[in-house]
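Just so you know, all these numbers are worked out from the coordinates, no wet-lab data involved. If you're wondering where the values come from, they're calculated on a predicted model, not measured in any experiment. Cβ sites come from the backbone with ideal geometry, for glycine too, and all protein chains shown count toward neighbours.
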Amino acid sequence: MTSESSTGPDGRGRNQVGEVGLRQLLESTRSPVSNPPGDSAPTQPLRATARVRQPQRPPVSEAAPDRWSGRSEPQPQPRSRQPKSPIAKKIGIGVGAFIAVAGFVYVADLLLSSGEVPRGVQVAGVDVGGLDTGTADTRLRAVLGPRSGHELTVQIADMQTKVVPSAAGLEVDWAGTWDRIGSQPLNPITRLTSVFTTRTVPIASAVDDSALEHQLTTLRVHDRPTVEGTIRFDGARPVAVPPVPGRVLDGPAARAALIDNWIYGALIDLPETAAPMTVRPDAVDRALREVATPAVQAPITFVGKDATGKLEPEQIAAILSFTPDGHGGLAATFNQEAAIGLLAPQLAAAEVEAKDATFSMTGSVANVVPAIIGEKINWPKTLEQLPNLIVAPQERAAQVVFEKAEPKLTTEAAQALGVTDVMGQFTTNGFSGPSGVNIRVVARKVNGAIVKPGDTFSLNDFTGPRGVAEGYVESGIIDHGRPSTAVGGGISQFATTLYNASYFAGLEDAGHTEHSYYISRYPAAREATVFDGAIDLRFRNNSATGVYIETLTTDSEVTVRLWGTKTVSVESTTGERTKPTEPNTVNLPKGKDCIASEGAPGFTVSDTRVITDRKTGREVSRATRTVKYDPIPIVKCE
């Protein structure tokens, strides 16, 4: 099949109409998306070709008549842009101009304010906004820096006191403060509002925690602790004492208040908090009703074997007190020492004192005196009955609780010591008056002492202080070569006697000191002196058995015997006196402090102790001791 031409008689008009219609048809079938300028290629050529074949009435150009109706169809006209109104143009121009001017002003302001403190800034009341940072820093340091050294008034409840910030560990942290001030804001709104507003910047404080805590501790002297409720006694009448709430410094809040406000120099109110209350008010009433009042209604009796002790109501009140029980209540407590002081004299007859085993000497025989087991009151167990007794409505009596008191040296232990005969003894004489008093006092104290094998006996430790309270009196002594007096004078004669007894018993010398000046009634180089707390006499029991010390005194003589098991014999050899030295003469004013003396020469002498085995005669040891005696000065009273 072929298509027919639609041109006129000359064939030309039909070809033109067909050509226009085909172009319009092709344009109408293009995609709504227009091609780029200069690009004439159709975007969908296949669809255009297909639509050319289907229509029965092909489109014609604007000037071509409709084949069927003879009417011309108008073609779509291209749309044209509507011009803007004059007002809109003016507004747009104005807005653009404003933005340009505002931007210029913003940039100019930002550049001009570079290096300055932001506008409107106040630091602790000091206005530094808009200042050069160096100038602002100088002003702040000049105004705020000295404030750490100024006294600051603080208020705690109804009292006031002074605090120096620097002493409390508070100073300005300048670096931290400038961090808070900050730099020029970039936000244009913030920059604009800063012209009309003020921004208050608090300082940053440099805190010495130790100093600040010490200051807070000092301020706590003004605390008012709670007065706890309790029960007191007026004689035998119980009286309730209600609690009084207190207030104490709130440490964390007071710390924060000082750190935040010290820089202003104004009065600072330091907060307090309620002090803890340990005892509830109702607990006081309960303790009064249920414990205190019944406690003093009648006496309390403790019954022993041969004695009875009684606590009268006023005495009960004296030993009874009340303390917080940790749960809001009151607990009854008793002063045990006071209770024992009241009851012990009444119950003394019910106790049996323990006695150590000892020895009785009959001639040359030592006999063991058996020990006595004592029976003593167990006061803790006896007095633990008090809580029940004080609230008992009728029966207010209890039995005393006893316990055995073992002796330090039992009979069996004494028998095992092997004390059978005299190991060594010595006697000195020539004393009288006050010296004799002191010698007899110390002899009684030492008599009966037992030194176990391996133990060391110390005269100073055993006797303790030798003063007036112990029965000693003032007597003669040698002080720096001159006669004088002192309490306890004459004890050295007993020390010499005890030393020689241990010497001939063969016991080990553990330390002794000779007199500086020779005293004629003592053996040369074999004597000893003592001084309370300074110079001591000590010997060690190096034998296999115990040593029992026996002392005997008369008005002018003292004897010391050491009992044990004698296994050695001892000999003493005294050498010749050598290197004599003549005394000096000392002239003193007459009076009680001057005691005349003829003096005596000094010399050097040695003593040798030889110990032999008693059974075999074999020499066990040999020791020589050399002593130098100073001359005794000649004292003249003029």
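Summary table below
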quantity	calculated
Isotropic mean projected area of the C-alpha convex hull, region 273-339 (nm²)	6.0
Distant-in-sequence amide H partners of ALA331 (H built 1.01 Å from N, under 5 Å)	THR323, ASP325
Tail fraction, Cα-Cα pairs, region 237-309, threshold 22 Å, whole percent	59
Out-of-range pairs (alpha-carbon distance over 21 Å; input LYS355/LYS376; LYS408/LYS566; LYS445/LYS592)	LYS408/LYS566; LYS445/LYS592
Proximal charge balance of GLY424 [Cβ under 11 Å; K/R count +1, D/E count -1]	+1
Within region 593-636, trypsin sites (Lys or Arg not before Pro) in DSSP loop having at most 10 other beta-carbon neighbours inside 10 Å	LYS615, ARG618
Summed residue charge, Cβ within 11 Å of GLY169's Cβ, Lys/Arg positive, Asp/Glu negative	-3
In Hz, Karplus ³J(HN,Hα) per residue of region 222-233 (6.51, -1.76, 1.60; θ = phi - 60°; x = Gly, Pro)	8, 4, 10, x, 5, 8, 5, x, 7, 10, 10, 10
Cα-based equivalent ellipsoid of region 410-506: semi-axis lengths in Å, sorted from largest, via gyration tensor	29, 15, 12
Pairs of alpha carbons in region 114-277 whose separation is greater than 30 Å (percent)	39
Segments 490-499, 173-182, 431-440 sorted - mean Cβ within 10 Å per residue, highest first	490-499, 431-440, 173-182
37 °C / 0.692 mPa s Stokes-Einstein diffusion coefficient of region 417-637, Kirkwood radius on C-alpha pairs, µm²/s	179
DSSP-defined antiparallel bridges as percent of all bridges, region 293-449, nearest 5	85
Residues with amide H under 5 Å from that of VAL568, placed H, sequence gap 5 or more	ARG614
Sparsely packed GluC sites (Glu not before Pro) within region 319-371, loop by DSSP, other Cβ within 10 Å at most 12	GLU353
Candidate lysines for bridging to LYS579, where Cα separation is under 29 Å - those fewer than 8 sequence places away on the same chain excluded	LYS628, LYS636
Per-residue HN-Hα couplings for region 152-163 [Karplus 6.51, -1.76, 1.60; θ = phi - 60°; Hz; x = Gly/Pro]	10, 8, 10, 10, 10, 6, 9, 10, 10, 8, 10, 9
Local electrostatic count at GLY149 - Lys and Arg +1, Asp and Glu -1, tallied over other residues with Cβ under 14 Å	+1
Estimated vicinal HN-Hα couplings, Hz - region 310-322 in sequence order (Karplus 6.51, -1.76, 1.60; Gly, Pro = x)	10, 10, 6, x, 5, 5, 4, 4, 6, 9, 9, 8, 10
Cut-off under 5 Å, modelled amide H: who pairs with ALA397 long-range	THR301
Only Lys, Arg (+1) and Asp, Glu (-1) charged, at Cβ; region 150-308 dipole about Cα centre in debye	340
